[in-house]
Amino acid sequence: MSIVNQLTLLGLAGVVYLLLGFHFWRTRWSEKYTGTVAPAVARVEKTLTGIALFLHATGLQMALFGAGAGQMQFSFGLAFCLMAWLAALIYWLESFQARMDGAQPIVLNTAALAAFLPLIFTHSHAVPHSNTLIFRLHFLAAMLSYGLFALAAAHALCMRLVEKHLHRPERSRRMASMPPLLVMESLLFRMLTIAFLLLTLAVGSGLFYSETLFGKALTFDHKTIFGIIAWIIFAILLLGRRIYGWRGRHALNWMLAGFVALLLAYVGSRFVLEVLLNRP
């Protein structure tokens, strides 16, 4: 029954995301749409997005921690589902302070895809040692940092697209509805800073509490090595931003390099094992 409930909640969240994504595309991106969105409708949009986020979060919580006996379940589908939920949450919260309507079709449709993934890739495995609080903090810090860095990478690519069309004499409805570049850049580095702090917590806890977390001394496997490499890359990026004012293409290259290292550290390996090789 727990599995049925979690899949039902994630499925409902995916349907709401899809409907909202289509609505935002039609009203913000489609060149055929000539109407305007009244403030009351905007409040309804935010409310419905909040409902979808609640359904998504509840389904995720049941999928991750609903197995009982203190065990945590995990899979490639759940990893992507968690990342997409975090992305949708951040853009939803940011929409209360700045205009984020133009980015919502991408965010909401991605969240819909992610919500459906656990229904497609149903295989999951019990995470060893997940009955301890310190491990759960380590694990969730790692996954949330991955999600934020993934969102930051996608956000930066959107910024490049907006910048490319900024000086064109005729801008499409899609580009005109996107947030201002300064707002997008400010959000980008807020995400990077929070993600770096979470990654620091994940890497630090893994290095100093390896025996407590995993029941064995620290081993420098591919996950540890690529995690440390990613941490170094993002540390250089944030220092370069603070000291030298890095931005634009230079900052984007550093960020994408760090994100690739993170993918190689865990999410990419889980995809290969579970989806391509069909191994737990």
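The values are calculated or read from the model by the stated rules, or taken from the named source; none is laboratory data. The structure displayed is predicted, hence computed values, not measured ones. Cβ coordinates were reconstructed from backbone atoms using ideal geometry, including for glycine residues, and neighbour counts include every protein chain displayed.
The number of residues in the range 244-265 that are among the hydrophobic types (A, V, I, L, M, F, W, C) and part of a loop (DSSP other than H, G, I, E, B) comes to 1. Can you tell me which residue is surrounded by the fewest Cβ atoms within 10 Å (Cβ to Cβ) among those in the range 186-221 that are at pLDDT below 80 and among the aliphatic types (A, V, I, L, M)? Selected residue: Ala217. Candidates are the residues of the range 142-185 that are in a loop (DSSP other than H, G, I, E, B) and surrounded by 15 or more Cβ atoms within 10 Å (Cβ to Cβ); the one that is modelled with the lowest pLDDT is Ser177.
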